[in-house]
Every structure is written in structure tokens, then in C-alpha cells.
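What follows is a set of notes on a single structure, which appears directly below.
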Amino acid sequence: MTTTPDIVTRSADPAADDPMIRISGVRKSYGSTEVLKGIDLDIPTGETVCIIGPSGSGKSTLLRTMNHLEDISAGSITVDGDLVGYRLKRGKLYELRESEACRRRLEIGMVFQHFNLFPHMTALENVTFAPIKVKRESPAAATEYARSLLARVGLADKEGSYPSKLSGGQQQRVAIARALAMRPKVMLFDEPTSALDPELVGEVLSVIKDLARTGGITMVVVTHEMGFAREVSDRVVFMDAGTIVEVGPPAQVFDTPAHDRTRTFLSAVL
Ligand code: ADP
Ligand code: MG
């Protein structure tokens, strides 16, 4: 059964210190199976959060709820003050039409395990496509920005290459540039290196690290790369069985975990 989230009011002038992402009491079921069992998490603007945890713990589901890709059974999520999945009008909640959910989705970049570039477009065309077609940017402006993004991900010399001529690591870097081209407020990464050969993982992680250091973008990264999570995160979230077991700065979660479940997970993966 789907229950609407509690009404969340948005002040006319959201305080500068409101979190970019606010997740409150979020529950999500598939049929009779509850896969998110009451998630609370605030992510301040500009913060990089890594989510770690065993397979099936709900990491992808949580990420997808933030991007209007899944509805929730209870609780609420706001991104930059906007209620995910719902709109508040004269004190009443209305479910977003798909068109409006799509529009909000444009403000959130998402990078998946499988990069899914458009195979018949060059790297440059992959990056300029949405800005031109969806945001109606001029081709000249979109191309100029796309070139700067391809340079940023280390692919300035590959703008004319088709995906089939690029390595997995290069394709994933194009996918990151493509997401950034929409100038998102938030970037969500779901195991961005899990499909890559081991020797290609580093080049993608270093691009994400660079974004975290210089971006000012709020980032949520689901990852199994513990060294990366330690280095890049402002905070690490450990999830297990649909709950957040613990959250803290990486040194705390990795070196002095507060819970047995975290210790058990870390000793299996480190
Ligand atoms: P993780 O990303 O941590 O591996 P997921 O969020 O993908 O975990 O999945 C959490 C749980 O939800 C798992 O038990 C999974 O089988 C289940 N699940 C995920 N997506 C669906 C779906 N579309 N229908 C039914 N069950 C699902
Ligand atoms: Mg997953």
C-alpha cells in the first residue's frame, strides 16, 4: 500500500544551510518485501557521501528514489527544497506528472554501472545531445561546454570517437561528462566502476575525486571501492538490510566502526 509522505512545507526563501538532499523516514516495499525500512539522511550542499554495504541492502533503490525513478511507501525526500515525487500546492500534496518528474530529473545527474552511451554518436555528440535537444542550448555554446568537460575528464583528444572505439573507462568518463553537461545540482553514481576491468577503475575514480574536490556539486556515490570511499567522502553511509546502520566521517566508519555489522562487512571486503 502506498501512503503519501507527510506534508513538507518549503519556505519562500530556503535557508542557505538547508541540506541539498533531505531523506526522512523513507520506506519502500516491492510487494510484501520491505527493502528500505526507515531511512533518514541529510546531505548538505557540496558534500560527497559514499554509500557502502552488502549486495541487496537497498543502496541502488535509495539512489533511485532520490531521482524520481522509484516511488516510496512512506516518508519524504527533498532535493534542493523540492519534494521528490510530489508537489505541494495550497497545502495539499499532488503526485508529480511524469513530465514534471522528468524535468526535475534533469537537475540530477546519474551515472550507472553500465554507461549506455548512444552508440551512433561521437563522444562529443553524446555530451551535447541533451543540452541542445532538451535544454535548447545553442549548438555552439553546448559544444564549447562539452569540450571543456571532455578535457576535464581527460578525453579532449577523443571527442570524435564513437563509443565502440573507446575503452570501458573512457566510455564511463564520457558518461560522466554527459551528466555534467546538464549542469546538475546533484550527481548520483551507482557503482560507476563495477563493470570495468580492474586496470580501468582508477581513471574513473580519479575523475570523480576531482569533481568532489573542485565541484561544489553534491554527490552520492554507491561504491565497493573502499580506498576510494575513504579518500573522497565527507561522510560514509553503511547500509545493511534496508537500514542505515551507521554514518560518519570515513576515518570513523573504517577505523572505529560502532556496529558489529559494519565490522563484519568491512572485514569481508578490506
Ligand atoms: P543494492 O543496490 O544494495 O544491491 P538494491 O537496492 O538493488 O540493493 O535491492 C534491494 C532489495 O530490493 C533486494 O532484495 C532486491 O532484490 C530488491 N529489489 C530491487 N529492485 C526490485 C524490483 N524492481 N522488484 C522487486 N524487488 C526488487
Ligand atoms: Mg545496487
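The values are calculated or read from the model by the stated rules, or taken from the named source; none is laboratory data. Bear in mind the structure is a predicted one, so any value in this text is a computation, not a measurement. Every residue, glycine as well, gets a Cβ built from its backbone with ideal geometry; the counts of neighbours run over all protein chains shown. Just so you know, the surface numbers come from the protein's heavy atoms only, side chains and all, with ligands and any DNA or RNA stripped out. Shrake-Rupley method; radii C 1.70, N 1.55, O 1.52, S 1.80 Å.
Here are the numbers for this structure:
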{"quantity": "Residue list for segment 203-228, restricted to those being open to solvent by 50 Å² or more (accessible area, probe 1.4 Å) and within 16 Å of ligand 2 (Cβ to nearest atom)", "calculated": "H224, E225"}
{"quantity": "Residue match in segment 98-117 (condition: in contact with a Pro (Cβ under 7 Å, 6 or more places away or on another chain) and either hydroxyl-bearing (S, T, Y) or in a helix (DSSP H, G or I) (or both))", "calculated": "no"}
{"quantity": "Residue in segment 233-254 that is within 16 Å of ligand 2 (Cβ to nearest atom), surrounded by 18 or more Cβ atoms within 10 Å (Cβ to Cβ), more than 17 Å from the chain's Cα centre (by Cα) and assigned to a helix (DSSP H, G or I) present", "calculated": "no"}
{"quantity": "First in segment 150-175 and within 17 Å of N116 (Cα to Cα), second anywhere and surrounded by 16 or more Cβ atoms within 10 Å (Cβ to Cβ) and modelled with pLDDT under 95, Cβ under 7 Å, 6 or more apart", "calculated": "Q171/F115; Q172/F115; A175/F115"}
{"quantity": "Candidates R183, R173, filtered to the one that is of a type in the set (K, R), more than 16 Å from ligand 1 (Cβ to nearest atom), closer than 26 Å to L41 by Cα and not in a strand (DSSP E or B)", "calculated": "R183"}
{"quantity": "Pick from segment 105-150, criterion within 16 Å of ligand 1 (Cβ to nearest atom) and open to solvent by 40 Å² or more (accessible area, probe 1.4 Å), ranking: farthest from P192 (Cα to Cα)", "calculated": "H114"}
{"quantity": "Near pairs, Cβ below 8 angstrom, 6+ apart or cross-chain, from segment 244-261 (within 18 Å of L62 (Cβ to Cβ)) to any residue that is open to solvent by less than 50 Å² (accessible area, probe 1.4 Å) and small (G, A, S)", "calculated": "V245/G53"}
{"quantity": "Every residue from segment 64-86 that is in contact with an Asp or Glu (Cβ under 8 Å, 6 or more places away or on another chain) and closer than 15 Å to K185 by Cα", "calculated": "V79, D80, G81"}
{"quantity": "Test: residue in segment 194-202 that is more than 29 Å from A130 (Cβ to Cβ), open to solvent by 20 Å² or more (accessible area, probe 1.4 Å), modelled with pLDDT of 95 or more and among the polar types (S, T, N, Q)", "calculated": "no"}
{"quantity": "Scope segment 36-61; condition closer than 27 Å to R213 by Cβ, in a loop (DSSP other than H, G, I, E, B) and within 15 Å of ligand 1 (Cβ to nearest atom); matching residues", "calculated": "G53"}
{"quantity": "Looking only at segment 42-61, and only at residues there that are more than 9 Å from ligand 2 (Cβ to nearest atom) and open to solvent by 10 Å² or more (accessible area, probe 1.4 Å), the one that is farthest from G85 (Cα to Cα)", "calculated": "P54"}
{"quantity": "Count of residues meeting criterion [surrounded by fewer than 20 Cβ atoms within 10 Å (Cβ to Cβ), among the polar types (S, T, N, Q) and within 16 Å of ligand 1 (Cβ to nearest atom)] in segment 62-104", "calculated": "1"}
